[in-house]
1. Applying the selection to the stretch 23-65, what residues are crowded, with 16+ Cβ neighbours inside 10 Å, hydrophobic (A, V, I, L, M, F, W, C) and under 27 Å from LEU105 (Cα atoms)?
2. Restricting the search to the stretch 16-69, which residues are in contact with a Lys or Arg (Cβ under 7 Å, 6 or more places away or on another chain) and in a helix (DSSP H, G or I)?
3. From ARG88, ARG131, ARG119, ARG183, which residue is out of contact with any strand residue (DSSP E or B) (no Cβ under 7 Å at 6 or more places or on another chain), surrounded by fewer than 16 Cβ atoms within 10 Å (Cβ to Cβ), modelled with pLDDT of 90 or more and not small (Gly, Ala, Ser)?
4. Being part of a helix (DSSP H, G or I) and farther than 15 Å from VAL48 by Cβ is the filter here; which residues of the stretch 70-85 pass it?
5. If I go through the stretch 105-131 residue by residue, how many of them are within 28 Å of ASP150 (Cα to Cα) and outside any helix (DSSP H, G or I)?
6. Would you say ILE164 is assigned to a strand (DSSP E or B), closer than 30 Å to ALA47 by Cα and aliphatic (A, V, I, L, M)?
7. Quickly run through the stretch 167-180 and pick out the residues that are basic (Lys, Arg) and surrounded by 10 or more Cβ atoms within 10 Å (Cβ to Cβ).
Amino acid sequence: MGVVAAAVDQVTGRWADALFGLARRRGVLDQVSADIERIALACQSPAVVAFLEGATGSTSERLTKFDGLLENANPHTRSFVSLLFKRRREEVLLQIGAAFEQRLLEERGAAKGIVESARLLDSAELEALSRDLSKRLGKDVTLTGRVDPDLVGGVRVFVGTSMIDQSLQGRMDGLRRRMMEARLPAVDS
């Protein structure tokens, strides 16, 4: 799966928690995870997005159109998707991949993140940052690099809902904030 999206809505998060808990209790976490990954990949298609956002008709008609993705899926995944369609919550499928992956990473004591920098970091630099963050956060962190042309220097790291700003702009903003908050000594006249 790709890098976990920072903002998974609460409704999708609750549905992902429910499916994750069920799959873990039943011992089919890897199978359900593979199913969800396949669904998440399909949800990148504009046609699938349009279908899920505007699905009309009866539950069975809507579910029949989605059945191709569920052909070899675990029965728990099939039941989960069926329940989403019955409750008219098809849009949850658009973000379920990110939400489920987030739960899976938490379960395994891992995290994925993004590093923004002025230039693309090479694999050795990404690995060094990953090792450092893994020590700081106490979990295995895997990073993906991304170029932000607005950065002059340094890096910005996003892991889950946290951001570590070590960019030049971030440091300058911090310095400015501290200077503005500093008390000036009283001047005697």
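1. Scanning the stretch 23-65 gives ALA23, VAL28, LEU29, VAL32, ILE36, ILE39, ALA40, ALA42, CYS43, VAL48, LEU52.
2. Across the stretch 16-69, the qualifying residues are ALA16, ASP17, PHE20, PHE51, THR59, LEU69.
3. Answer to the check: ARG131.
4. Correct list: PRO75, HIS76, THR77, ARG78, SER79, PHE80, SER82, LEU83.
5. Qualifying residue count for the region: 12.
6. no
7. Of everything in the stretch 167-180, those that are basic (Lys, Arg) and surrounded by 10 or more Cβ atoms within 10 Å (Cβ to Cβ) turn out to be ARG171, ARG176, ARG177.
Yes/no per residue for (1) within 22 Å of ARG25 (Cβ to Cβ); (2) not assigned by TED's automatic domain parsing to the domain that holds ILE36:
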{"site": "PHE66", "(1), (2)": "no, no"}
{"site": "LEU70", "(1), (2)": "yes, no"}
{"site": "PRO75", "(1), (2)": "yes, no"}
{"site": "SER79", "(1), (2)": "yes, no"}
{"site": "LEU84", "(1), (2)": "yes, no"}
{"site": "ARG87", "(1), (2)": "yes, no"}
{"site": "LEU94", "(1), (2)": "no, no"}
{"site": "SER117", "(1), (2)": "no, yes"}
{"site": "SER123", "(1), (2)": "no, yes"}
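The values are calculated or read from the model by the stated rules, or taken from the named source; none is laboratory data. These numbers come from a predicted model, not from an experiment. Note: ideal-geometry Cβ built from the backbone for every residue, glycine included; neighbour counts use all protein chains shown.
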